[in-house]
Amino acid sequence: MDKRIINTKKKLTNTLLVLLKDKSIEDITVLELCKKANINRTTFYKYYKDVNDLVFKIEESLITDLEKLIGEIKRNYLISFTSKIIETISSRKEIYTRLLGENGDHTFLRRILRLVYNESITEWQKLLKKASKEDLDKIYSFIVDGTIGIIKKWIKEDCQDEPSNISIFINKICMSGLSSFI
């Protein structure tokens, strides 16, 4: 890709992140974004349909990176997946806290956590002999919703706690609930 295109997209992304400090995605206009980034709207529309499309493409790029990291995990344990996700959020704190924060995309974290659905269900089917497929789906939904709550609280507190502490805490809660199906 041409360096100018890369720089333009980077400038738009960085400007979006700045705007997300004070405004929700729905309240950011293309005009405002382009003015602040000092980029012509015609240029913006060459690459994106609207602000939501820009956000979606940023998120897709982050999800692709996460998929690669998750693919490197040898054992399909939920703690491994959760740890990798939380470490990634911590290592790229600015972009993730903006996209996952109060003004960001409220579906993004759920999409991230869906990345490990199949691996988690497969692992649980081996371990949780008393659980039906329907039970496993309910368990996964419950764990995802709880994990979202914990991660959002951690982000709201500016990721003060160590990523490993958050992962261990989530794992303890998950394992105590899962143990009743063993």
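In nm, give the distance between the simple-model label positions of ASP22 and ILE73, each being 7 Å from the Cα along the Cα-to-Cβ direction.
3.9 nm
What does a probe at LYS153 reach in region 90-113, counting residues whose amide N is under 14 Å from the point 7 Å along Cα→Cβ?
Residues passing the 14 Å test: none.
Would you mind classifying region 1-71 by shape? Square roots of the alpha carbon gyration tensor eigenvalues, ordered a ≥ b ≥ c; an a/c under 1.5 is rounded, otherwise it is prolate if a/b is larger than b/c and oblate if not.
It is oblate, given that a/c is not under 1.5 and a/b is not larger than b/c.
Return the FRET efficiency for the residue pair LYS11, LYS133: r is the Cβ-Cβ distance, R0 is 35 Å, and the value is rounded to the nearest 0.05. Present the calculation step by step, with values, prior to reporting the outcome.
Working: r = 47 Å, r/R0 = 1.35.
E(calc), rounded to 0.05, equals 0.15.
In nm, what is the difference between 0.36 nm times the number of residues separating GLU32 and TYR117 and their Cα-Cα distance? Intermediate values should be presented prior to the final figure.
Values: separation 85, 0.36 × 85 = 30.60 nm, distance 3.79 nm.
Going from the current span to full extension adds 26.8 nm.
For the chain, set up a GNM with springs between Cα atoms under 10 Å and report which of LYS138, LYS93, LYS23 has the largest fluctuation.
The residue that fluctuates most here is LYS138.
What residue among THR107, THR82, THR97 has the largest mean-square fluctuation in a Gaussian network model of the chain, using Cα springs under 10 Å?
Maximum fluctuation in the GNM of the chain, among the listed residues, is at THR107.
Using a Gaussian network model on the chain with a 10 Å cutoff between Cα atoms, which of ASN118, ASN171, ASN52 fluctuates the most?
Residue with maximal mean-square fluctuation among ASN118, ASN171, ASN52: ASN118.
How big is the gap, in Å, between the Cα center of region 1-66 and the Cα center of region 121-182?
33 Å
Run through region 47-137 and list the GluC sites (Glu not before Pro) located in a DSSP loop whose Cβ has at most 14 other Cβ atoms within 10 Å.
The qualifying sites are GLU72, GLU102.
Every read-out reported here was derived from the displayed coordinates using simple, explicitly stated rules and does not represent laboratory data. What you see is a predicted model; the values in this text were computed from it and never measured. Methodologically, a virtual Cβ is constructed for each residue, glycine included, from the backbone with ideal geometry; neighbour enumeration extends over all protein chains shown.
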